[in-house]
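Here is the structure we will look at, set down as structure tokens.
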Amino acid sequence: MPTIDRRALLAAGLGLFAAGTATAAPSPTLKQAAASKGRRFGSAFAFGTRGADAGTFANPDYAALLRRECAVLVPENEMKWQAIRPAADRFDFARFDAMVAWAHVNGFAIRGHTLFWAYSRWFPEWLTTHDFGHRPAIAAAAILTDHIDTVTARYGQRIDSYDVVNEAVDPDTGQLRQTALSHAMGGTEPVLDHAFRTARAAAPHAELVYNDYMSWEDRNQHHRAGVLTLLEGFRKRGVPVDTLGVQSHIGLFAPTTDAGALARRLEPGWREFLDAVVAMGYRLLVTELDVRDKGLPVAIGPRDRGVADFARAYLDIMLSYPALGDVIAWGMSDRYSWLRTFEPRPDGAPARGCAYDNAFRPKPLRSAMLGALTNAASRRRPR
Ligand code: G3I
């Protein structure tokens, strides 16, 4: 990867010599359990400067945790347009280069998240207000092509799986979201199809994923239906999509002390959805696993138990599908989880949705993940 700059390699070196002081992970590790069934276990991670108290490779404790438990890493934010494309004609790869270099030197596989987040809320400001000129469809397609070609060429074989499109379906209506690009290109479908076709041509080695957060909770019916319609459309139009990325930010929202009972009630509807996806020939990934614990009691014992029971039931279903590949957590420690700021509990207690606690001690959720990965159906390898 000759284009990665020297700053990136320097930054990557930080983690190489960091011993780490976190509590040792129990054996077997999550990556070992996943590998025994032909899968990869992994996590999101972040950029950071040396010694940062953040979920980054530059934090020795966090880096040690990643090394022990994970085989594959995903940038939580640093490959998004907001991070790498400050203007239509400018890219900035400094942070993501450092992450890729560190991951590569330390033997991790890397997933790319995301080549296109199809949701205006997360567009960079310049893209929303961009003037696409007299031939808007051509100009918009060119911006997308340039983005996908530039990223995939830079990282080559180091990234073997991409969330090509993220969150194109409006969860409330099941319809495709409209964006500045869809207005310019005459609809959302042409944008998404173009993204996948460009990615296939530019990175023929890579798994191409449509990634979304339709989930198994009751309020997700429209979202699930919309995703199924989108996936059917891809097949009808011959769009090269390999896999559905099931984000898996699962949640207990209503007050409960019996997460297992709720999981049993949700299972039939969720299997119906997954069966329909697999019947269309898609593979599955768990791309962003964590548990929103708002409905559980604040006391740590029952809360951690509820989180673990809910996740175990969920993962047992997901892992019963031989079409399921990677299982990826959206961060390994509560200390750095997005849930703490984005999904605060009504009582203000910090969320506990990750496998390790604030002090990097393993929680019941880790045992639940391990149990599910160990008892899983073996993965059916793609042809
Ligand atoms: O890095 C800046 C920092 O410089 C600044 O001081 C600070 C002030 O707000 O913001 C920091 O950026 C934040 C970034 O996270 C890094 O912490 C952004 O504001 C914040 O919007 C961003 O949130 C991320 C969110 O996606 C939006 O990109 C979350 O960390 C990240 O966990 C979340 O991840 C998404 C997946 O990409 C898609 N699926 C859902 C998932 C959870 O929402």
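Just by accessible area at a 1.4 angstrom probe, what is the order of Asp53, Asp193 from largest to smallest?
Result of the area sort, largest leading: Asp53, Asp193.
Give, as a single signed number, the net charge of other residues whose beta carbon lies under 12 Å from the beta carbon of Pro344, with Lys and Arg counted +1 and Asp and Glu -1.
Summing Lys and Arg as +1 and Asp and Glu as -1 gives +1.
Using the Cβ atoms and a cut-off under 12 Å, what net charge is assigned to the surroundings of Arg177, where Lys and Arg are +1 and Asp and Glu are -1?
-4
For Pro190, what is the net charge nearby, where nearby means another residue's Cβ is under 12 Å from its Cβ and Lys, Arg count +1, Asp, Glu -1?
Neighbourhood net charge equals 0.
Roughly how far apart, in whole Å, are the Cα centres of region 275-303 and region 327-357?
After rounding, the separation between the Cα centres reads 14 Å.
Under the Karplus relation 6.51 cos²θ - 1.76 cosθ + 1.60, θ = phi - 60°, what is the ordered set of whole-Hz ³J(HN,Hα) values for region 187-198, x standing for Gly and Pro?
x, 6, 4, x, 5, 5, 4, 5, 4, 5, 5, 5
So how do 227-238, 317-328 stack up, highest first, on mean other-Cβ count within 10 Å?
317-328, 227-238
Using a Förster distance of 35 Å, how high is the FRET efficiency between Arg264 and Ala349, based on the Cβ-Cβ distance and rounded to 0.05?
It comes out at approximately 0.85.
Any chance you could list the semi-axes, whole Å, largest first, of the equivalent ellipsoid that the Cα gyration tensor gives for the chain, using √(5λ)?
In descending order the semi-axes read 31, 26, 19 Å.
Assuming 0.36 nm per residue, please report the length gained on full extension of the stretch Arg381 to Asp160 beyond their Cα-Cα distance.
78.1 nm
Quick one: pull the percent of accessible area on the chain belonging to carbon and sulfur, 1.4 Å probe, ligands and nucleic acids left out.
54
Run the quick spin-label model on Val278 and Phe253: label points 7 Å from Cα toward the beta carbon, then report their separation in nm to one decimal.
2.7
Out of residues 5 or more away from Asp290 or on other chains, whose amide H comes under 5 Å of its own, with H placed 1.01 Å from N in the peptide plane?
His249, Ile250, Trp330
With the other protein chains left in place, how much accessible area per residue, in square angstrom, belongs to the chain at a 1.4 angstrom probe?
That works out to 40 Å² for each residue.
Can you tell me, using C-alpha contacts under 8 Å and at least 6 residues apart, the relative contact order of the chain as a whole percent?
Relative contact order of the chain: 16 percent.
When the Kirkwood radius is taken over all Cα pairs of region 188-284, what Stokes-Einstein diffusion coefficient follows at 37 °C and 0.692 mPa s, in µm²/s?
Estimated diffusion coefficient is 222 µm²/s.
Can you give the accessible area of Ser120, probe radius 1.4 Å, in Å² rounded to 10?
50
If you build a Gaussian network model of the chain, linking Cα atoms that sit under 10 Å apart, which residue out of Thr114, Thr173, Thr145 swings the most?
Between Thr114, Thr173, Thr145, it is Thr173 that shows the largest mean-square fluctuation.
Tell me, what HN-Hα J-couplings in whole Hz come from the Karplus equation 6.51 cos²θ - 1.76 cosθ + 1.60 at θ = phi - 60° for each residue of region 144-156, using x for Gly and Pro?
Residue by residue, region 144-156 yields 5, 4, 4, 4, 5, 4, 5, 5, 5, 5, 5, 9, x Hz.
The values are calculated or read from the model by the stated rules, or taken from the named source; none is laboratory data. Note that the coordinates shown come from a computational prediction; the quantities given were computed from them, not determined experimentally. Methodologically, a virtual Cβ is constructed for each residue, glycine included, from the backbone with ideal geometry; neighbour enumeration extends over all protein chains shown. In case anyone asks, the SASA skips ligands and DNA or RNA and just uses the protein heavy atoms, side chains included. Shrake-Rupley method; radii C 1.70, N 1.55, O 1.52, S 1.80 Å.
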